[in-house]
Amino acid sequence: MTAEPPTPSKPGQDHKLRRELGFWSLTGIAFGAIIGSGWLFGAFYGAAAAGPAAVLSWVIAGAALTLIALVLVELGSGTPESGGLVRWPFIANGPLAGTLVGWAVLLAVANSMAAQASAIVQYADRYLPGLFVDGSLSVSGKAVGAALLLVLVVLNWFGVKLFARLNLVATVIKVLIPVVTVVALLVSSFHPGNVSAGGGFAPYGWSASLTAIAGAGIIYALNGFATPIELSGEARNPRRDIPRAVLTAIVLSVALNVVLQLAFVLAVPEASLSSGWTGLSFSSPFGELALLLNLGWLATLIYADAVFSPSGSTYVMVAAGSRETYGVAKNRGLPRRFAAVQDRAGVPRNALALNFVLSMVCLLPAEGWQEIIGMVGVLALLTYSLCTVAAGTFRVAAPERLAGWVRGLRWIAPAGFVVGSELVYWASWETLRTALPAMMAAVLLFVALRRRELDIMTELRTGLWLLAFMSWQLVLSGLGTFGGAGIVPAPWDTVAVAVFGVLTYHWGVRSGAAYLRRRPS
């Protein structure tokens with residue numbers, strides 16, 4: 001047995017963070033993070049994946065994320081910490097869980113920043129030809145994306161107060177463009193027959209509307225809702241303001257995206273659906289649709305917003321991502337220099353710089369937006385699922401860490417874990433065969449980083465439930481009907497995920513409670 005790990009309650013430099021965010025700032029941060037490249041591409045890829053039934057994908061995703069959000073706001077209100085999504089599993093379930101969720105968050109943040117930069121470049125190609133050539137980013141396109149990310153990192157360099165003020169103004173502007181787009185498309189091109197054209201309402205089967213949630217970027221498009229939770233350590237009144245801000249942002253963003261999906265489905269000219277919804281070919285969907293309908297003024301507005309809107313959400317993402325990386329460093333999943341906070345600005349600048357470097361690693365080999373977003377959705381869902389287990393663990397063994405704001409956490413937390421498990425599974429074998437092994441590789445990273453200071457076998461036993469979770473997800477995905485071999489038929493594959501999800505959740509809570517009793521934080 002080697003030395004015990006340090007008490008995880010107050011590492012890092014949280015005292016240097018500035019508590020300057022109120023309700024409107026937090027709501028603007030959440031909505032500003034959500035309204036980015038997702039609205040520019042989500043409706044198109046949703047229709048291509050599921051046809052008109054993609055409308056259901058947005059509703060299902062919104063309901064699922066609301067359930068998960070209730071758990072996250074309970075954690076953010078009761079244990080406010082910058083980088084909370086990576087801190088809570090570490091505190092509740094131990095260093096291995098903290099390392100795995102930290103690995104997921106680092107990959108998700110880097111890929112998200114790269115995806116936003118890619119979206120901007122794809123639309124900007126209209127005015128700067130040569131950025132997006134033959135369906136993929138050119139060398140000059142990747143250089144422009146990298147330069148944009150660098151500018152947003154520099155803007156975040158100077159403190160959270162400036163960040164909040166700039167974001168609130170940007171969010172108001174960003175919301176107006178999608179609203180104008182919906183009205184203009186429906187007034188100029190309204191084809192109710194599109195609902196049944198191209199193979200019917202659900203031309204690729206009802207399961208396609210579930211796969212689209214992660215694979216078509218729908219989860220990615222709604223994912224910014226957790227941003228205020230990541231900044232909870234800088235909120236003036238987290239118990240009061242974070243729940244209201246997060247839930248308000250989810251409701252508004254789901255409503256907006258449902259309307260955008262309907263507008264896209266109904267506005268596409270009927271002649272364009274001769275080859276079905278998969279036959280549509282747009283590199284900048286709403287902009288090209290506007291040009292197809294002779295709405296040059298709208299196309300100009302959309303192409304301008306395609307730079308402004310993702311830039312605004314990326315601005316938020318850069319800020320939140322640095323707090324997540326800061327949290328990983330507090331968990332000792334990264335060198336301690338990344339848990340440093342700059343005195344005057346109150347910003348974890350080393351974490352900002354690291355995220356920029358990682359985003360370059362993701363951006364440079366990528367071909368475009370859709371190639372990146374599937375991985376982001378799965379990694380985000382895995383992170384949220386681990387947080388529901390942390391909430392269940394706190395409820396059993398450390399109730400003082402919860403705010404008491406959410407009633408019924410006894411059933412909401414396990415329901416959130418099951419829903420998260422289903423969404424991960426529905427992402428399809430093609431995505432999971434890459435994402436889950438990447439997560440499992442973090443176990444080797446954990447052993448390499450912590451072998452000198454922890455009893456590794458004890459920690460592996462504590463986190464065995466998490467390894468089992470990823471293993472059965474991978475096996476069921478390979479055997480199931482969502483891109484797998486189909487050996488486990490529908491709907492029994494989805495039922496199996498739910499059963500295994502319930503068992504894994506309770507295993508994780510028992511393991512976490514035992515960990516907290518051994519090593520109280």
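Since every read-out is calculated from the coordinates, none of them should be taken as a lab result. Predicted model only: the values in this text are computed from it and were never measured. In this analysis, Cβ positions are derived from the backbone assuming ideal geometry, glycine residues included, and neighbour counts consider all displayed protein chains.
When the Karplus curve 6.51 cos²θ - 1.76 cosθ + 1.60 is applied with θ = phi - 60°, which whole-Hz ³J(HN,Hα) does each residue of segment 194-201 get, with x for Gly and Pro?
Listing the rounded values in order: 4, 5, 9, 6, x, x, x, 4 Hz.
With a point put 7 Å past each Cα toward its Cβ, work out how far residue 151 is from residue 448 in nm, to one decimal.
3.6
List the residues, sorted by chain then number, that are 5 or more residues from residue 347 or on another chain and whose placed amide H is less than 5 Å from its amide H.
Those qualifying (amide H under 5 Å, at least 5 residues apart or on another chain) are 342.
Could you tell me whether segment 21-385 comes out rounded, prolate or oblate from its Cα gyration tensor? Rule is a ≥ b ≥ c as square roots of the eigenvalues, rounded for a/c under 1.5, then prolate if a/b exceeds b/c, otherwise oblate. List each step's numbers first, then the result.
Working: a/c = 1.80, a/b = 1.56, b/c = 1.15.
Verdict is prolate for segment 21-385.
So what is the relative contact order for segment 83-134, in percent, with contacts set as C-alpha pairs under 8 Å and at least six apart?
The value is 20 percent.
Among 105, 375, 211, whose Cα lies farthest out toward the positive end of the dipole of segment 21-385, if unit charges sit on the beta carbon of Lys, Arg (+1) and Asp, Glu (-1)?
105
Restricting attention to the alpha-carbon atoms of segment 219-321, what are Rg (one decimal) and Dmax (integer), both in Å?
17.7, 55
How do the peptides 132-144, 271-283, 203-215, 240-252 rank, highest first, by the average count of neighbouring beta carbon atoms within 10 Å per residue?
Answer by packing, highest mean first, reads 203-215, 240-252, 132-144, 271-283.
For segment 144-150, just list the computed ³J(HN,Hα) in residue order, Karplus coefficients 6.51, -1.76 and 1.60, θ = phi - 60°, integers in Hz, with x standing in for Gly and Pro.
Values per residue, Gly and Pro as x: 5, x, 5, 5, 4, 4, 5 Hz.
Relative contact order for the chain: what is it in percent, counting Cα pairs under 8 Å that are at least 6 residues apart? The partial results should precede the final answer.
On the way: 978 pairs, mean separation 163.6, N = 521.
Relative contact order, the chain: 31 percent.
What nm value, rounded to one decimal, do you get for the distance between residue 353 and residue 495 when each label is placed 7 Å out toward the C-beta?
Inter-label distance under the simple model: 5.6 nm.
Which cross-chain or sequence-distant (5 or more) residues have an amide H under 5 Å from the amide H of residue 133, H modelled 1.01 Å from N in plane?
Here 138 satisfy the definition.
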